[in-house]
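Undergrad: Let me begin by handing over the structure; questions about it come next.
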């Protein structure tokens, strides 16, 4: 110990003290600082895996860091993904909409390309680009059979959803060839995420205005009408009076005209 | 008229026989002038197999009775099903009761019908019969007599001669039209200025429909759509929600949609620059074409489409019509924030909400 | 030559016993062996007393005598009107059932029935009672669906029946009045359909009611006042459903019953029309008697119509009101259309441009008024006036009881097909959003296409149809003159090819020459001998142009002389062996084109 104090006026003594202080501070910081999202080694690995997948399958349109790619005209080739959140990725990639196979009026649902662990990785990576909506918890995405909740969900559904998606969720037309897709078979999780993130032209229904309980009510209602039998018979696609009218003309009138022709024709004769 | 010797029904040369009630029936075979070919006449009747072969006749009989018998069984099945099937049972993903009742009833009716028609086609006599037509007009004699009777009756009534009676009677009859019209006055009230106003007033909160939740600007995200109502629907002056016809009437005019758009994309009409709150705009939900509610909102094109007749409005451009049969822009509600931070209306709609009508004030 | 029905002086002579009226039992039979007269059977004996009691008081034997064996001609297309008639009966039966449970009231109640997703919801009594009919009343859903399907079939079969009448010229004198009654029935069917599907007060029909509200508003000058009177105040009010109920179950059905009765009475008095053919003339009706054949066929057809409707009610779902929810003026569903029989009006409203003008201090909403009110009114006006316009053009004042084949009236048929194309395009335009989603098209593109197609389409259809009719007329003429083509090609010694024709049977040939000869349209003189201008020159010029248009390019049937010449020259015009005219037992030709012996 005497060796340290005999060198206290060494020209480098000041530098050593500063160095020690820095190391102490840095060490304290690394111990006590709050962990950033995904900062521990397990999520780090997930984010990194996601980044690798992203670079291969997504960066062409969405940019190397998810910053988006602009066309010459100034509109989006692929929009920026900073701030869209894990929920958006889970929805878009989980329903197969992304990666986009060809440019058309809107991204259609198609066979899913990535496996669930890969989707989780991609979601984690995009979430790391900036804060955004997270994947909802199962508490709010598992359809409930509580009658009052279903009734409330029906009211929300008819006020907010049927205008685009129709009363049974069979879908509807939008301008310029776009459409609101069928939601008859959508899972609770993707329904929630769609409401939360507003994919494509669908508007956003934020959790502050349409609370998670409200969203769960809607999900429960959709499940109940999906599981419900078609009491009256074949529902003709659930498209309403257009298909009903076609059925009346073709099936009803057709059968009766056939019957008329049968009544009016002479039967077999005894000799030719 | 006809002096034909009597032939058996199916023998050649036999004229179709007149029927009871058609004693004067005769088939005309004289050709019309200028026709290139003569009328070959009805021709001899060719019998059906069941007319000629008794075995086939019995088979047809059995077929028809079988159809009727099966129909009876189905009707009995209907009666059993009505009582036996539980109301909530399902069959083939449909209501079991509806399916079985309908198929049994429909089947029974159909089989009765088919049986009756088969009976007529296979077994009932199918010789063609001729019936003569008569001219549609009355005979000249009838016309003469009718006219004479009318003439005598009119003369005796003096209607034509006594002009004072005639005119006063006609006047009295015409006047009777008035009570018929006037009694309908109370069908409905006069509209007054009811169509020019809604319940929206300054300071009334904009709340989420169904839940009644008041809206804060920071809770509404870019691209969001809120289907909203005036707070009065959920909480009137006595703190009670509106009910019944009053609620329906208010919703039919005061329902609104709230959207958030990037402020730089908004082109407000003159004088409406501060009607939005940080890009949050409020428009009437009632289409100006025939009044259907609109909420097909596209968050990237800022267009809202009415599902009834496809009128399209651009919400970033003052609700201007961009396609479809609607003529007037979608009315905009001026938005502000109250001192608790909730979104409120700054006044009623200055434009007429809903479909146009002839006596609309023209400056709005 | 017309004869009077009823007794003639010469009838009860030697013909009476040979007429077949079984004066004495067992005297003559019509091929019905062992026939025992009705009055001698046990049923007849039992009924004799009551029947005599009735006849002593109302003297109905005269009517029975004339009408029981009334002759109706036989053709499948004559049954289309019956579909409408029997559908109406089904509507009455199922409708009465529904009225036993339906509550036509807009009072708000809370639903407490067995359909869980709506349990506890506030709704009108009308909607709640319809839910009860669907879920609580056994057979209620079936009856609702039967009622709605038969309403559709009623409106659709009226349309098809009307087209049949139009294309065969059955509306000509003396049946113009019946045509007008039919047009009235058509309008009433549409009104009752609309009022009926609005009664349950569900979201879909409520949206339709909102459209009608906007429609009433668009009526010039008085629109807003009419709206407040009809709805009893501001929309939606509390009175419209009860008022529509009265219209739907009392006023319109009353008018329908009255008009249908008139329609049938006129049919009975004027007798049914028939297709021309062997033995059929303007002065007779050839067919089968009402009793028993037509009673069985028509009665059976009633059961068939009822059965088909009931089967549809069992197997195909219609108007699932529980899915739409109660009417809420702030809610709407994608794919909102009215029932198909007014779908053409919906289409017209969708494709109409956004025209609205302001003058005289009033707003004129052409965008709603023209397609919804004017178009509807014009269609019925055109339908109502058509027989009279055609009569003015053709100046044909004769009675017509024989039908015309559509090909023999090319302009009429072309106009009819043009009308069908117009109606059909509007109908498709009414479903443009469903078509857009199902076929992945742009809804705006469909709208623009329809805006042009509804004008161009009917014109093109008219031209094409008229040419097809004229082509068919030409074919008929060729067949009469030269026989039918056998498909056997002959080569003559000098190397030319020709096809062997075989003659038609007399029946077939006659059937192709039953139409009226085409009368040449005479141009009226514009001035008389002294140079004085004819009065109504403009109108008569218009008339002559219309008359020429109506009869233009029509192919006339061959004259007797032309027929002789054709037969003399042989079918191929080369003097080859003329095939003798065939007879009824014509059995075809052999491979070398020689008629087979029989």
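Undergrad: Output the residues belonging to the stretch C:497-512 that are out of contact with any helix residue (DSSP H, G or I) (no Cβ under 6 Å at 6 or more places or on another chain) and free of Cβ contacts under 8 Å to residues at least 60 places away in the same chain.
TA: C:497, C:508
Undergrad: Scan the stretch C:43-64 and give yes if some residue there is touching a residue at least 12 places away in the same chain (Cβ under 8 Å) and either crowded, with 16+ Cβ neighbours inside 10 Å or out of contact with any strand residue (DSSP E or B) (no Cβ under 7 Å at 6 or more places or on another chain) (or both), otherwise no.
TA: No, the conditions are met nowhere in the stretch C:43-64.
Undergrad: Sticking with this structure for a sec: Among the numbered criteria (1) within 24 Å of residue A:166 (Cβ to Cβ); (2) under 28 Å from the mean Cα position of the chain (by Cα), which single criterion is violated by residue B:327?
TA: Unmet condition: (1).
Undergrad: Is there a residue in the stretch C:551-560 that is assigned by TED's automatic domain parsing to the domain that holds residue C:491 and either touching a strand residue (DSSP E or B) at 6+ places or on another chain (Cβ under 8 Å) or modelled with pLDDT under 65 (or both)?
TA: no
Undergrad: What tally of residues in the stretch B:251-300 results from selecting those that are surrounded by fewer than 18 Cβ atoms within 10 Å (Cβ to Cβ) and either out of contact with any helix residue (DSSP H, G or I) (no Cβ under 7 Å at 6 or more places or on another chain) or part of a loop (DSSP other than H, G, I, E, B) (or both)?
TA: Count: 14.
Undergrad: Right, another one. Kindly indicate whether residue B:245 is modelled with pLDDT under 95 and in contact with a strand residue (DSSP E or B) (Cβ under 9 Å, 6 or more places away or on another chain).
TA: Yes: the conditions hold for residue B:245.
Undergrad: To continue, here is another question. Right, residue C:453: more than 30 Å from residue C:515 (Cα to Cα), surrounded by 16 or more Cβ atoms within 10 Å (Cβ to Cβ) and within 13 Å of another protein chain (Cβ to nearest Cβ) or not?
TA: no
Let's see how each residue does on (1) facing chain B (nearest Cβ under 7 Å); (2) in contact with a strand residue (DSSP E or B) (Cβ under 6 Å, 6 or more places away or on another chain); (3) assigned to a helix (DSSP H, G or I); (4) surrounded by fewer than 23 Cβ atoms within 10 Å (Cβ to Cβ):
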| position | (1), (2), (3), (4) |
| --- | --- |
| C:285 | yes, yes, no, yes |
| C:291 | no, no, yes, yes |
| C:295 | no, no, yes, yes |
| C:298 | no, no, yes, yes |
| C:301 | yes, no, yes, no |
| C:306 | yes, no, yes, no |
| C:309 | no, no, yes, no |
| C:312 | no, no, yes, no |
| C:323 | no, no, yes, no |
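Undergrad: I've got another one for you. Within the stretch C:213-243, track down each residue that is within 16 Å of residue C:199 (Cα to Cα) and either in a loop (DSSP other than H, G, I, E, B) or more than 14 Å from chain B (Cβ to nearest Cβ) (or both).
TA: Applying the first criterion (within 16 Å of residue C:199 (Cα to Cα)) to the stretch C:213-243 yields C:213, C:230-231, C:235-243.
Across the stretch C:213-243, the qualifying residues are C:235, C:236, C:237, C:238, C:239.
Undergrad: (1) at pLDDT below 95; (2) within 14 Å of chain A (Cβ to nearest Cβ); (3) part of a helix (DSSP H, G or I): which one isn't true of residue C:441, the others all being true?
TA: Condition not satisfied by residue C:441: (3).
Undergrad: Restricting to the stretch C:106-139, give me the number of residues that are within 11 Å of another protein chain (Cβ to nearest Cβ) and either touching a residue at least 40 places away in the same chain (Cβ under 8 Å) or assigned to a loop (DSSP other than H, G, I, E, B) (or both).
TA: So the answer is 19.
Residue-wise test of (1) away from chain C (no Cβ under 14 Å); (2) in contact with a strand residue (DSSP E or B) (Cβ under 8 Å, 6 or more places away or on another chain).
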position	(1), (2)
B:251	no, yes
B:266	yes, yes
B:277	yes, yes
B:309	no, no
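Undergrad: For residues in the stretch A:54-66 being surrounded by fewer than 17 Cβ atoms within 10 Å (Cβ to Cβ) and in contact with a helix residue (DSSP H, G or I) (Cβ under 9 Å, 6 or more places away or on another chain), which is nearest to residue A:103 (Cα to Cα)?
TA: Looking at residues that are surrounded by fewer than 17 Cβ atoms within 10 Å (Cβ to Cβ) and in contact with a helix residue (DSSP H, G or I) (Cβ under 9 Å, 6 or more places away or on another chain), I get A:64.
Undergrad: Here is a check on your reading of the model: is residue C:445 under 30 Å from residue A:179 (Cβ atoms) and either touching a helix residue (DSSP H, G or I) at 6+ places or on another chain (Cβ under 9 Å) or buried (at least 17 other Cβ atoms within 10 Å of the Cβ) (or both)?
TA: Yes; evaluated as a whole, the condition is true for this residue.
Undergrad: How many residues does the stretch A:202-242 contain that are away from chain C (no Cβ under 14 Å), surrounded by fewer than 24 Cβ atoms within 10 Å (Cβ to Cβ), in a loop (DSSP other than H, G, I, E, B) and out of contact with any strand residue (DSSP E or B) (no Cβ under 7 Å at 6 or more places or on another chain)?
TA: 3
Undergrad: Taking residue B:130 and the conditions (1) more than 8 Å from chain C (Cβ to nearest Cβ); (2) in a strand (DSSP E or B), which numbered condition does it fall short on, given that it satisfies the others?
TA: Status for residue B:130: all satisfied but (1).
Undergrad: If you check residue A:159 against the conditions, is it touching a strand residue (DSSP E or B) at 6+ places or on another chain (Cβ under 7 Å) and either assigned to a loop (DSSP other than H, G, I, E, B) or more than 20 Å from residue B:300 (Cα to Cα) (or both)?
TA: Yes.
Undergrad: Here's a follow-up. Output the number of residues of the stretch A:117-142 satisfying the condition of being under 17 Å from the mean Cα position of the chain (by Cα) and outside any helix (DSSP H, G or I).
TA: Matching residues across the stretch A:117-142 total 8.
Undergrad: So, of the residues in the stretch B:164-200 that are in a helix (DSSP H, G or I) and either in contact (Cβ under 8 Å) with a residue 12 or more places away in the chain or under 30 Å from residue B:333 (Cα atoms) (or both), which turns out to be nearest to the chain's Cα centre (by Cα)?
TA: B:195
Undergrad: Out of everything in the stretch C:265-284 that is under 25 Å from residue C:87 (Cβ atoms) and without any contact (Cβ under 8 Å) to a residue 40 or more places away in the chain, what residue ends up being nearest to the chain's Cα centre (by Cα)?
TA: C:265
Undergrad: Now a separate question. Within the stretch C:382-394, identify whether any single residue is within 30 Å of residue C:336 (Cα to Cα) and part of a helix (DSSP H, G or I), and answer yes or no. Spell out how you get there, then give the answer.
TA: In the first step, residues of the stretch C:382-394 are kept if they are within 30 Å of residue C:336 (Cα to Cα); the result is C:382-383.
From what is left, the residues that are part of a helix (DSSP H, G or I) are C:382-383.
Yes; the residues of the stretch C:382-394 include at least one that is within 30 Å of residue C:336 (Cα to Cα) and part of a helix (DSSP H, G or I).
Undergrad: Give the residue, chosen from C:98, C:180, that is part of a helix (DSSP H, G or I), surrounded by fewer than 20 Cβ atoms within 10 Å (Cβ to Cβ) and more than 13 Å from chain A (Cβ to nearest Cβ).
TA: None of the other options fit; the residue is C:180.
Undergrad: Let me ask something else about it. Might you let me know whether the stretch C:334-349 holds any residue that is touching a strand residue (DSSP E or B) at 6+ places or on another chain (Cβ under 8 Å) and within 14 Å of chain A (Cβ to nearest Cβ)? It would help to see each step written out before you state the result.
TA: Just the residues of the stretch C:334-349 that are touching a strand residue (DSSP E or B) at 6+ places or on another chain (Cβ under 8 Å), to begin with: C:334-335.
Then drop every residue that is not within 14 Å of chain A (Cβ to nearest Cβ), which leaves C:334-335.
Looking for residues that are touching a strand residue (DSSP E or B) at 6+ places or on another chain (Cβ under 8 Å) and within 14 Å of chain A (Cβ to nearest Cβ), one finds at least one in the stretch C:334-349, hence yes.
Undergrad: Continuing with the same structure: Does the stretch B:314-321 contain any residue that is within 13 Å of chain C (Cβ to nearest Cβ) and crowded, with 24+ Cβ neighbours inside 10 Å?
TA: Within the stretch B:314-321 (the criterion being within 13 Å of chain C (Cβ to nearest Cβ) and crowded, with 24+ Cβ neighbours inside 10 Å), the answer is no, since none of the residues qualifies.
Undergrad: Mind listing whichever residues of the stretch C:561-573 are surrounded by 17 or more Cβ atoms within 10 Å (Cβ to Cβ) and modelled with pLDDT of 80 or more?
TA: Selection gives C:563, C:566.
Undergrad: Residue under question is residue B:223, and the condition is that it be surrounded by fewer than 19 Cβ atoms within 10 Å (Cβ to Cβ), closer than 30 Å to residue A:197 by Cα, within 14 Å of chain A (Cβ to nearest Cβ) and modelled with pLDDT under 95; does it hold?
TA: no
The values are calculated or read from the model by the stated rules, or taken from the named source; none is laboratory data. Keep in mind the model is a prediction, meaning the values are calculated, not measured. Don't worry about glycine lacking a Cβ; one is built from the backbone with ideal geometry, like all the others, and counts go over all protein chains shown.
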